[in-house]
Amino acid sequence: MIGRIAAIALNTFREAVRIRVLYGILVLAVGANLLSLVVRELAASADEARIARDIGLAGISLFGSLTAIFLGVFLLYTEVSRRTVHAIVSKPIERWEFVVGKYAGMALVLSVLVGVFAAAMTGTLAWQGVPVSEVIAKAVVLAWVEVLVVAAIAIFFSSFSTPFLSGIFALGVWAIGRVTPDLERAAQAASPSIRWTAKAAALLVPDLHLYAVSGRTVDGAHVSVNADFVSWSYVGLASLSGLGWIAGLLALAAVLFHRRDFT
Amino acid sequence: MADGATDQAPGGEPPAIEVVGLCKTYRTPLRRRRVEALRGVTFTVERGHIFGFVGPNGAGKTTTIRTLMGLIRPTSGRAALLGEPVPSRAARARVGFLPEAPYFYDYLTVGELLDLAGRLFGLPAAARRRRADELIERVGLSRARSQSLKKFSKGMLQRAGLAQALMNDPELVVLDEPMSGLDPIGRKEVRDLILELRDRGKTVFFSTHILSDVEAITDRVAIIARGQLQAHGTPSELVRRAVLGIDVAVRLPAGADAGPLTAGATQVRRRGDELALTLPADADADAWIARAHAAGAKVISVAPRHETLEELFLRAVDARGAEGADESAGGPSPGAAGAPAASASGASSASSTESAPEAAT
């Protein structure tokens, strides 16, 4: 089982690294870090470090998530549309193993990308003289988990839909997931039906706000990346929550993929 | 078993392929119209045979094969490969499959493709390398080993597809249109490979529209049209044994009038001083030859004309066009319906197939 999943994952990695769009995204992410150099000049000196870190981390989260959606909606779909899946699922492999293998390959690519983004960010921070501390590592881990959850969301939609619709759905879930607490808070004053809808959305959509600690506002105070607030136990719990979502979404994707006819 | 479309061996070993009452109904995406791709297909393929699965476009060949390989779920009916139910991993582990017009990851080399296939079959690394080397050599792709599949021609892709289908040294090989895209030399090589597999005790099930290939190498043939089996048997059993006519060819003396010799002929073809014609099956050939000699003609050949597989194929497909006319013949499976020659007894004389019409896909 592990060997088959690894074979699919390795092949997916090979496939993904040949997608030129990824290199464009890589350039954009590095560019965002360079942008922090410009923004720094415009900001008050006390905020320099926070701005540099926030732009870098937001870049990892944004570009990582967009890449996850892009890979998630295309890599599984193209297997079916190009019929490459015919020669694979006719081998002694279970379809769920194929879905997990595709996801694992994507996760590998995304992990490398997050690593490169993080390296670019720390490089830029170091060049600006901003101290690179443990809190940055925690934030990067959280952004990495968020990217992996978003990839699972995309692959779930891709298991039954076209890339266009899957992309729309995944972007929608990502956007809602990013503002889940705000939605719930805003719905407090609304009618019961809206309140109920917001509650349902909060249950059905992963709370991606958990992973976006940079620039977060808590009780009116801007916490940014704060060692006190973001403890390693917080990172661990948030990661466990992310793993739960990944497992659930992949299980659903596997069920849907299992029921498909490959014509 | 619902009809006579069986290829049962007396031994206790389960057959290589067993398909019983297979039905598949699709719904069109927008109008949700029902399309019956398979309507009660039943047949059995015994081990060690080469089995040709023939039918026009849209007949249900590929749907049947994809159902066997677990790519499509049947609406009803069941199938088993080597005694293992379909779909199951156990069945697929012992089967090699070449999809129709195969698409592979075009960024891989043939060696990498075979390595991937070997990993999925659970072969250890050394066995994968050894087997890949053997197969690349066997299908004639040694010189293209370092090229990515993107640069492969259609024929080369087909060879790569055959190689990946054989990575697990399968007991049963299922090939969907294996000769498609190959030139005559490539087709012959694939035919030779199929025969070699049979000689090694493997069962080969392949679909094709090239009837000359079917006649040349198959032990058994099934013809499918509109989702129903039309005929099933050995090629010689299937074609009509009765003489359909007498083909004669003569060389006429210069300036001779062919008119007196063509009287009563069903077909007349003339090229230069050569006259070829087909006489009715009950014509007095001796009398005609005597007339030809009297006219100064030299007889080149006289041969009885039997039905070819191509004619049987066209007849089977046409018969299905008259929908419902044949339904009385079978039991619950429509596979028996209209099997026009399946019950023909004995073997006909070897029939020649002059052409391999692409139209009969």
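Bear in mind that the values in this text are calculations on the coordinates, not laboratory data. These numbers come from a predicted model, not from an experiment. Here the Cβ is made from the backbone with ideal geometry for all residues, glycine too, and neighbour counts use every protein chain on show.
The figures follow:
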item: Net charge of neighbours whose Cβ lies under 15 Å from the Cβ of A:Ala198, counting Lys and Arg as +1 and Asp and Glu as -1; result: +1
item: Rounded to 10°, Cα long-axis angle of helix A:232-258 versus longest principal axis of chain A; result: 20
item: Convex hull volume of region A:1-148 per residue (C-alpha atoms, cubic angstrom); result: 103
item: Span per principal axis, largest first, for the Cα atoms of region A:83-139 (Å); result: 56, 19, 11
item: Local electrostatic count at A:Ala254 - Lys and Arg +1, Asp and Glu -1, tallied over other residues with Cβ under 15 Å; result: +3
item: Folded to 0 to 90 degrees: helix A:95-128 orientation relative to chain A principal axis, Cα; result: 20
item: log₁₀ of I(q)/I(0) at q = 0.10 Å⁻¹ - region A:2-258, Debye sum with one point per alpha carbon; result: -0.53
item: Pairs from B:Lys61/B:Lys202; A:Lys91/B:Lys151; A:Lys91/B:Lys61; B:Lys150/B:Lys202; B:Lys151/B:Lys202 whose Cα-Cα separation, in the structure shown, is over 23 Å; result: A:Lys91/B:Lys151; B:Lys150/B:Lys202; B:Lys151/B:Lys202
item: Summed side-chain charge close to B:Thr67 - residues other than B:Thr67 whose Cβ falls under 14 Å, Lys, Arg +1, Asp, Glu -1; result: +3
item: Translational diffusion coefficient (Stokes-Einstein; Kirkwood radius from C-alpha pairs) of the protein assembly as shown at 10 °C, 1.306 mPa s, in µm²/s; result: 55
item: Cα Rg over Rh - region B:73-175, Kirkwood; result: 1.01
item: Taking A:Tyr234, B:Tyr103 and counting other C-beta atoms within 10 Å, the order from fewest to most; result: A:Tyr234, B:Tyr103
item: Coordinate range along principal axes, alpha carbons of region B:245-305, Å, largest first; result: 30, 21, 18
item: Three-way shape label, region B:171-258, alpha-carbon gyration tensor, a/c 1.5; result: prolate
item: Antiparallel bridges, percent of DSSP beta bridges restricted to the protein assembly as shown (to nearest 5); result: 70
item: Value of [θ]222 nm, deg cm²/dmol, for chain A, DSSP H segments ≥ 4, -39500 (n - 2.57) each, nearest 500; result: -26500 deg cm²/dmol
item: Sorted by Cβ neighbour density within 10 Å, fewest at the top, the residues B:Met156, A:Met121; result: B:Met156, A:Met121
item: Peptide B:122-129, shielding by other chains (average Cβ, 10 Å cutoff); result: 1
item: Cβ-based exposure ranking for B:Leu244, A:Leu142, in which fewest neighbours within 10 Å come first; result: B:Leu244, A:Leu142
